[in-house]
Amino acid sequence: MSTRLGQGRPAEAPASSLPMALGIGAWLLEQAGWMGPVRAYEVDDARSWPTNGEDGVHLAGWADRVGLLVLGNGSTRAGADGARHSYPQAEEIDAGIAAALASGDADGFFPNMDAGLARELGVSGRSPWQLLDGADWDLTTHRLLYAETVDGVSCFVAAWSP
């Protein structure tokens with residue numbers, strides 16, 4: 001689903017009227033002072049790598065310069081906190097996510113991430129990161145800025161740039 005959110009402001013509609021990830025993205029852009037045009041593109045967790053990769057290539061071609069703010073989380077089963085049970089695969093998949101974000105996915109981790117396992121572990125970033133992987137044409141700098149587990153949810157912040 002692709003939606004133009006406005007020209008001159010990150011969102012014409014209040015962030016609270018958008019799906020959660022899109023609302024958070026609009027809020028982050030507004031906090032950063034972004035005043036340029038914005039489009040939102042929401043992807044379903046069950047989509048396949050080829051579809052996500054092709055959409056990433058398409059999104060990268062929307063304009064001469066395109067910036068992507070990609071939102072999704074790692075495992076929501078990363079630790080026992082009373083409400084969640086720790087899964088042995090959670091640590092492994094989160095380590096793979098961190099390494100892929102730090103390296104620009106040089107090893108192809110995102111295209112090969114199992115959709116069923118990602119769903120079981122509560123990973124919402126699989127499809128968005130695959131889309132980012134497809135859009136990564138000439139990006140040579142890949143930095144993992146943050147990787148922590150907060151209340152059993154694995155959170156990552158990374159920057160990919162030319």
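No value in this document is a laboratory result; all are computed from the given coordinates. Bear in mind that the values here come from a model prediction, so they are computed numbers and not experimental data. Here the Cβ positions follow ideal geometry from the backbone for every residue, glycine too, while neighbour counts run over all protein chains shown.
Using the Kyte-Doolittle scale, which helices in the chain average at least 0.0 and also have C-alpha atoms spread 20 Å or more along the helix axis, with helices defined as whole DSSP H runs?
Numbers: long enough: 88-103 (24 Å, 0.43).
Membrane-span-like by this criterion, though nothing is claimed about a membrane: 88-103.
Just how large is the dipole of the chain about the Cα centre, in debye to the nearest 20, putting +1 at every Lys and Arg Cβ and -1 at every Asp and Glu Cβ? Spell out each step's value before the answer.
Working: 10 positive and 21 negative charges, 90 e Å.
Dipole of the chain, to the nearest 20 debye: 440 debye.
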How long are the three semi-axes of the equivalent ellipsoid for the stretch 73-161, computed from the Cα gyration tensor as the root of 5 times each eigenvalue, in whole Å, largest first?
-> 23, 14, 9
Hey, rough spin-label estimate for THR141 and MET35, points 7 angstrom out along Cα→Cβ, what's it come to in nanometres?
-> 2.5
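With only alpha-carbon atoms in the gyration tensor, what are the semi-axes of the equivalent ellipsoid for the chain, in Å, largest first? Mind showing how you got there, number by number?
Details: eigenvalues 132, 72, 42 Å².
Over the Cα atoms of the chain, the semi-axes work out to 26, 19, 15 Å.
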